[in-house]
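Below is one structure; the comments refer to it alone.
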Amino acid sequence: MFNNAHNGSVRIGNSQMDYISFGNGDKNLVMLPGLGDGLSTVKGMAVVFSIMYKIYAKKFTVYVFSRKDNLPEGYSTREMAKDQAEAMKSLGISNANVLGISQGGMIAQYLAIDYPNLVDKLILAVTSSKPNQLIEQAIDVWTKMATQGNYRNLMIDTAEKSYSESYLKKYRLMYPFIKKTKKPKSFKRFLIQANSCVKHNAYNELYKINCPTLVIGGDCDKIVGVASTTAIADKIKDSSLFIYNGLGHALYEEAKDFNKRVLDFLVK
């Protein structure tokens with residue numbers, strides 16, 4: 001299969017956790033996606049991801065993990081990190097490079113804090129270490145839409161808050177087709193994960209992260225805010241900071257040099 005792409009799952013307690021892997025490198029790169037995972041997991045997406053992120057395939061064996069299937073009420077980002085650590089250990093992954101995006105970055109913070117032997121280098125992109133007004137407002141709107149089963153408006157509001165205006169001019173042409181896309185059978189998973197974002201607070205423990213860390217944000221981020229990015233970098237001793245001008249929460253999609261920037265940090 002293309003770039004050694006593989007779809008798999010690992011047992012976590014009484015549940016399963018979907019993951020995909022690809023690449024042929026000697027080192028491991030673990031990618032943890034954001035809140036969108038609550039609506040659609042990575043199941044069956046190995047080939048797609050191996051093409052999207054082929055830049056990493058030569059030097060790394062890449063793993064992309066979803067959260068486990070059965071999420072208990074009140075499931076926290078710290079508990080997600082605990083389950084992530086268990087999944088990595090089950091697959092023999094240690095001393096890995098970890099890239100956490102948005103909510104994935106929240107989980108990655110606790111992974112590096114509580115399981116430092118599992119994390120060699122850390123990249124935290126468009127994420128926050130504690131609640132703030134922007135996060136609370138965004139999650140409140142999305143929670144109401146999800147509770148109502150309003151998938152179309154949830155997708156549109158997420159896009160409007162995530163992308164730059166220049167990108168949205170093209171993306172808005174797709175809005176009429178969103179109602180025809182397949183929505184999740186249940187929004188329960190999304191709601192549990194959204195609640196964990198609002199309650200996430202690792203700020204006072206960030207000093208425990210001792211691995212080299214790259215923190216990336218956008219000065220137009222309407223979901224977590226650029227201040228949350230700089231606050232993380234200020235608290236992690238061995239960290240470097242990069243802010244994209246004119247980009248927001250979806251900069252990992254919009255910035256053409258994002259993956260190259262991450263790769264350069266990992267191999268230096």
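So here's what we get for this one:
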{"quantity": "Subset of the range 161-182 [within 19 Å of V224 (Cβ to Cβ) and touching a residue at least 24 places away in the same chain (Cβ under 8 Å)]", "calculated": "K161, S162, Y163, S164, Y167"}
{"quantity": "Where a residue in the range 7-32 is under 16 Å from V47 (Cα atoms) and at pLDDT 95 or above and its partner, wherever it lies, is acidic (D, E) and assigned to a strand (DSSP E or B), with Cβ under 9 Å and at least six apart", "calculated": "N7/D18; G8/D18; S9/D18"}
{"quantity": "Residue in the range 232-258 that is surrounded by the most Cβ atoms within 10 Å (Cβ to Cβ), counting only those that are modelled with pLDDT of 95 or more and among the acidic types (D, E)", "calculated": "E254"}
{"quantity": "Any hit, the range 156-179, residues being more than 23 Å from M80 (Cα to Cα), part of a loop (DSSP other than H, G, I, E, B) and at pLDDT below 95", "calculated": "yes"}
{"quantity": "Those residues of the range 179-213 which are out of contact with any Gly (no Cβ under 7 Å at 6 or more places or on another chain) and crowded, with 22+ Cβ neighbours inside 10 Å, in sequence order", "calculated": "S196, C197, H200, A202, L206, I209, T213"}
{"quantity": "Hits in the range 125-155 (condition: outside any helix (DSSP H, G or I) and free of Cβ contacts under 8 Å to residues at least 60 places away in the same chain)", "calculated": "Q148, G149, N150"}
{"quantity": "Every residue from the range 1-40 that is assigned to a loop (DSSP other than H, G, I, E, B), crowded, with 20+ Cβ neighbours inside 10 Å and among the small types (G, A, S)", "calculated": "G23, G34"}
{"quantity": "Matching option when the condition is out of contact with any Ser or Thr (no Cβ under 9 Å at 6 or more places or on another chain), at negative phi and among the hydroxyl-bearing types (S, T, Y), among Y53, Y19", "calculated": "Y53"}
{"quantity": "Identity of the residue in the range 41-54, surrounded by 15 or more Cβ atoms within 10 Å (Cβ to Cβ) and β-branched (V, I, T), that ends up nearest to K260 (Cα to Cα)", "calculated": "V47"}
{"quantity": "Restricting the range 52-71 to residues that are in contact (Cβ under 8 Å) with a residue 40 or more places away in the chain and out of contact with any helix residue (DSSP H, G or I) (no Cβ under 7 Å at 6 or more places or on another chain), the residue that is farthest from K182 (Cα to Cα)", "calculated": "F60"}
{"quantity": "Residue that is within 16 Å of the chain's Cα centre (by Cα), assigned to a helix (DSSP H, G or I) and over 27 Å from A57 (Cα atoms), where the choices are V262, V198", "calculated": "V198"}
{"quantity": "So G74, is it at pLDDT below 95, surrounded by fewer than 18 Cβ atoms within 10 Å (Cβ to Cβ) and either in contact with a Cys (Cβ under 7 Å, 6 or more places away or on another chain) or not in a helix (DSSP H, G or I) (or both)", "calculated": "no"}
{"quantity": "Matching option when the condition is free of Cβ contacts under 8 Å to residues at least 24 places away in the same chain and part of a loop (DSSP other than H, G, I, E, B), among K256, K237", "calculated": "K256"}
{"quantity": "Lone qualifier among I51, I107, I113 - being among the aliphatic types (A, V, I, L, M), farther than 23 Å from D238 by Cα and in a helix (DSSP H, G or I)", "calculated": "I51"}
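The values are calculated or read from the model by the stated rules, or taken from the named source; none is laboratory data. Since the structure is predicted, the reported quantities are computational estimates derived from the model, not experimental observations. Here Cβ is always computed from backbone atoms with ideal geometry, including for glycine, and neighbour counts include all displayed protein chains.
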